[in-house]
Amino acid sequence: MTASEDVIVVGPSASHPIAVAVIGTGAIGQDLVSKVHRSGVLDCALVAGRNPESAGLRHASRLGYPTSADGISAILAAPRPFDVVFDATNAMSHAEHYELMRPFDTLLIDLTPSRMGQMVVPTVTGTHAPAARDVGLISCGGQASIPIAHALASGFDVAYIEVVSTVASEIAGRATRLNLDEYVATTQHAVTKFSGVRDTKAILNISPAVPPATFRTTIHAIIADADAELVSAVVADAAEQVRSFAPRYEVLDCAVHADQVAVCLEVMADSDVLPGYAGNLDIINSAAILVAEQHAARLQPGVPR
């Protein structure tokens, strides 16, 4: 079955928005709050961090949402469980949060590279609501590269895949820097899982360039007797599917030389708060919002759970 055949698009049909919370107030958390604010089916019921003076809490307050500097404790102390909690902290913290949230009937969407829970890449795993209660979005590089890696491996005999992502230093926050090893390991694991190719590698470059570097990911693949026209068509189709939820996802180049294939991608942010070059944050957040909206549709009366 191809990726396009596997995708089941179920539009949100919430008559009343479901209650969501965001834990983490860095750039990812701020953009999540803005994306929730734009959603017609998600209601931001709490934004929790640990620094009462953080820009993320101020941003949430300006939008009129409740905030707390008590972190996960504020999530646990809420009068009733949230339908969805977005975890935008770090991989080590997520492991703790997962254990604390286990008693609750809450969908925990993990935006850290913890490698816990059900891994989701919308155009590969489908956009129907997940059955698991802990959903992992892998990494920004994973969200950008896996749709292409999966498409190539589905259509051709792929012997090797290497994924190289470059993000701007200015947008690589403390959590990202704490999780560099986890990022590489989790991205490589997911590329292997979703492509079926055993020999894979993931690399992350944090660029100090001025002006800041736009988020780019290059997928290198070894494909015996690669046909340039067929490879380009497969890549273009996979990219078009990703643009259904990440509209500024673009293929800059698709080069084939003998058995060497290189696909260069650029993702710009479609965000109220992120700079354009922060497409790395935008694509993972867009995937997270899509998962939450599909969960909202699932919770409505008459929609099978």
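Nothing in this text is a laboratory measurement; each read-out follows from the coordinates by a stated rule. This is a predicted model, so every value here is computed, not measured. Counting neighbours? That spans all protein chains shown, and the Cβs are built from the backbone with ideal geometry, glycine included.
Around residue 246, under 15 Å between beta carbons, what's the net of Lys plus Arg minus Asp minus Glu among the other residues?
Details: positive: 35, 38, 216, 243, 248; negative: 31, 240, 250, 266, 270, 282, 293.
It works out to a net charge of -2.
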TODO: For the chain, set up a Gaussian network in which alpha carbons nearer than 10 Å are linked by springs, and say which option among 222, 283, 146 fluctuates the most.
DONE: 222
TODO: Let me have the 222 nm mean residue ellipticity of the chain computed from DSSP H runs of 4+ only, each contributing -39500 (n - 2.57), with the sum over all residues rounded to the nearest 500.
DONE: -11500 deg cm²/dmol
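Within 10 Å of each residue's Cβ, count the other Cβ atoms and sort 50, 216, 38 from fewest upward.
Lowest to highest Cβ neighbour count: 38, 50, 216.
Neighbour counts of other C-beta atoms within 10 Å: give me 215, 156 arranged from fewest to most.
156, 215
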TODO: Would you order 61, 39, 232 from fewest to most other beta-carbon atoms within 10 Å of each residue's own beta-carbon?
DONE: 61, 232, 39
- [ ] Please identify every one of the GluC sites (Glu not before Pro) in the stretch 31-135 that sits in a loop by DSSP and has no more than 10 other beta carbons within 10 Å of its own beta carbon.
- [x] 53
- [ ] Note the listed values [x] -0.37, -0.69, -0.81, -1.28; [y] -0.33, -0.62, -0.74, -1.15; [z] -0.43, -0.79, -0.91, -1.24, then indicate which one is log10 I(q)/I(0) by the Debye sum over Cα atoms at q = 0.08, 0.11, 0.12, 0.15 Å⁻¹ calculated from this particular structure.
- [x] [y]
Open item on the list: How much length would be gained if the chain were fully extended between residue 51 and residue 180, taking 0.36 nm per residue of separation minus their Cα-Cα distance, in nm to one decimal?
Closed with: 44.1 nm
- [ ] List the chymotrypsin sites (Phe, Trp or Tyr not before Pro) within the stretch 48-154 that fall in a DSSP loop (any state other than H, G, I, E or B) and whose Cβ has at most 12 other Cβ atoms within 10 Å.
- [x] none
TODO: Provide the packing ranking of 200-208, 181-189, i.e. peptides ordered by the mean count of other C-beta atoms within 10 Å per residue, highest first.
DONE: 181-189, 200-208
